[in-house]
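> What follows is a single structure, and I will ask about it in a moment.
The values are calculated or read from the model by the stated rules, or taken from the named source; none is laboratory data. From a predicted model like this one, the values you see are computed outputs, not experimental measurements. Here the Cβ positions follow ideal geometry from the backbone for every residue, glycine too, while neighbour counts run over all protein chains shown.
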Amino acid sequence: MSTFVSRMIHFVSCREASELLSQMQDRPLSPRERIRLRFHLAICDACTRFSRQLAFMRQAMRVYRT
Amino acid sequence: MTAHDFAQELERHRGYLYRVAHLQLRDRDAAEDVVQDTLLAALSGSGFSGKSSVRTWLTGILKHKIVDAIRRKQRDATPVTSLAPEGSELELDDFDALFRDDGTWEAPPAAWGDPEEALQRREFLDVLDLCLEKLPAATARVFMMREVLELESDEICKELAITANNLWVILYRARVALRMCLEENWFASERRA
């Protein structure tokens, strides 16, 4: 793995991943953020669940206001 | 549908509209005013296409009335200063407890089974309502601006005079708190059942 790639995917903690997942609902992520996030999600079940739950909550709010 | 039926149908949503408006404006009279304006506009206008539900349509009208009211309020007098500090200091301890020092989850999100099914249930929407009410007021207000009034980030920042970073932190906390509340009060008990 090139140092560039490894630097990009390193050090995305669950804390940071969860923040990015939330911000994704409010702004477009940068390509770098998207890649870091994707790598983290590939190895983290908890954040993957968190990601699905965020999407579900947005859907629930849509139902809430209809 | 006769005009009378239509008026009655609109009237049924008054309570919901008032709750949304009050959360945003924090003022009973101002909330009642925008709701009244909304219902009048709905009654006189012919904007209802039948493509969306009546409530969605009314929410759309209400959104404009609320934004106008917020703008008027800001122009008239009180500068909005209170929101950002309140939003950023809420329950900091709870949030530190959310993650371990190495950044991993202290209590990882649990599997929710089939959440889609919950959306069909009236009781789930009641729990959602309850969880929204449990959010700190400033947090709930921002969250509702984003998710119910569907304002864009930059619009909210402008209305409330807060930075984008501040907004993202508030929305993040709202979502995390809402997620925990739904898990505790719906999905966990569903698993037990």
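> Quickly run through the range B:102-122 and pick out the residues that are within 7 Å of chain A (Cβ to nearest Cβ) and in contact (Cβ under 8 Å) with a residue 40 or more places away in the chain.
Scanning the range B:102-122 gives B:Pro109, B:Trp112, B:Pro115.
> Here is a further query. Name the residues in the range A:47-66 that are hydrophobic (A, V, I, L, M, F, W, C), at pLDDT 95 or above and either on the phi > 0 side of the Ramachandran plot or surrounded by fewer than 19 Cβ atoms within 10 Å (Cβ to Cβ) (or both), would you?
Answer for the range A:47-66, where residues must be hydrophobic (A, V, I, L, M, F, W, C), at pLDDT 95 or above and either on the phi > 0 side of the Ramachandran plot or surrounded by fewer than 19 Cβ atoms within 10 Å (Cβ to Cβ) (or both): A:Ala55, A:Phe56.
> Just to be sure I understand, how many residues within the range A:23-36 are within 14 Å of another protein chain (Cβ to nearest Cβ) and not polar (S, T, N, Q)?
Looking only at that region, the number is 7.
> Being within 10 Å of another protein chain (Cβ to nearest Cβ) and over 12 Å from the mean Cα position of the chain (by Cα) narrows it down to one residue among B:Leu132, B:Leu125, B:Leu149; which is it?
Of the residues listed, the single one that is within 10 Å of another protein chain (Cβ to nearest Cβ) and over 12 Å from the mean Cα position of the chain (by Cα) is B:Leu125.
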